[in-house]
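S.K.: Right, I'll just put the structure down here and ask away after.
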Amino acid sequence: MLDETRILIVEDEVSIARILKLELEHEGYQTETAPDGLKAWELIQSHSWSLLLLDVMLPGLSGMEVLRRLRDRNDQTPVIMLTARDTVIDKVSGLDLGANDYVTKPFDIEELLARIRVHLRGVQTLKHEENRLKIADLEINTSSHEVTRAKKEISLTAREYELLLFFINHPHQVLSRDQLLQKVWGYDYMGDSNIVDVYVRYLRQKIDKDVSHKLIHTVRGVGYMLKEANA
């Protein structure tokens, strides 16, 4: 429910923070603001949040450092980065650290609200019930390692399973090739990064074959995303 949805706005520009707070509360969300990275980190550690709106350029701790700390403690709260910087390398850096989305200032408030709804819906879609992970009609039993799509069992190799597991634990999040390589193959992997594309193709052949709605989507120039067709 909206009245249970808590959004932390981390923004040092007072006028932008005020507008975001007013617009979000008008939509029915609970909000709190933090003017710098240190205050944001304090609030993150002491409260539970449904989503973070996180500016990149902040006093105290940068938005990137706050994001790094968040993901280092395995906190998967959705994060939308807000920034005046529109270069590809800045966006990729944020996504590599685990950001779910990236919005460049000045932004259209209606578009931002739509993105917030998508990421909140992604959190609600992923269900943890009796060691089961589910998105759309794809389901993983983490105890038995059984994978099904539309109730049909899918046979995966160990590496394919680990890749799919990482995807389903990060729904509606753009995952770069480097990020997938590090998290699935490990930091000490010395092979070709094209191995990610190869295994994504293997997964698609198994979970997206002969179905009308695909789950694995390519984000051109960045990487891949697991999401429902209508999200």
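The values are calculated or read from the model by the stated rules, or taken from the named source; none is laboratory data. Just so it is clear, the structure is predicted and the values come from calculations on it, not from any experiment. Positions of Cβ are generated from backbone atoms using ideal geometry, with glycine treated the same way; all protein chains shown enter the neighbour counts. Note: accessible area is taken over every heavy atom of the protein model, side chains too, but ligands, DNA and RNA are not part of it. Shrake-Rupley method; radii C 1.70, N 1.55, O 1.52, S 1.80 Å.
S.K.: Would you mind telling me the antiparallel percentage of the DSSP bridges in the chain, rounded to 5? Working shown, then result.
M.R.: Details: 19 of 36 bridges.
The antiparallel proportion sits near 55 percent.
S.K.: On a 0 to 90 degree scale, rounded to 10, what angle separates helix 14-26 from the longest Cα axis of the chain?
M.R.: On a 0 to 90 degree scale, this one is about 60.
S.K.: Rounded to whole Å and sorted largest first, list the principal axis extents of the Cα atoms in the chain.
M.R.: Largest first, the chain extends 53, 40, 31 Å along its Cα principal axes.
S.K.: Using a 1.4 Å probe and ignoring any ligands, DNA or RNA, find the accessible area of Lys39 and quote it in Å² to the nearest 10.
M.R.: 70
S.K.: Residues of the chain: accessible area per residue at 1.4 Å, in Å²?
M.R.: Details: 11960 Å² over 231 residues.
Accessible area per residue: 52 Å².
S.K.: Here is a further query. So which of Lys152/Lys214; Lys134/Lys206; Lys152/Lys206; Lys134/Lys214; Lys151/Lys209; Lys105/Lys183 end up more than 22 Å apart, counting from Cα to Cα? Display every interim value, and only then the final one.
M.R.: Details: Lys152/Lys214 16 Å; Lys134/Lys206 16 Å; Lys152/Lys206 11 Å; Lys134/Lys214 15 Å; Lys151/Lys209 14 Å; Lys105/Lys183 31 Å.
Going by Cα-Cα distance, Lys105/Lys183 fall outside the 22 Å limit.
S.K.: Using a 1.4 Å probe on the protein heavy atoms, what percent of the accessible area of the chain belongs to carbon and sulfur? Each step should come with its number before you reach the end.
M.R.: Working: 5890 of 11960 Å².
That share works out to 49 percent.
S.K.: In addition: Please give the solvent-accessible surface of Trp41 in Å², to the nearest 10, using a probe radius of 1.4 Å with every protein chain present.
M.R.: Looks like 40 Å² after rounding.
S.K.: Which one, Leu58, Pro35, Ile19, projects farthest toward the positive side of the charge dipole computed for the stretch 18-71 from Cβ point charges (K/R +1, D/E -1)?
M.R.: Working it through, the farthest residue towards the positive pole turns out to be Leu58.
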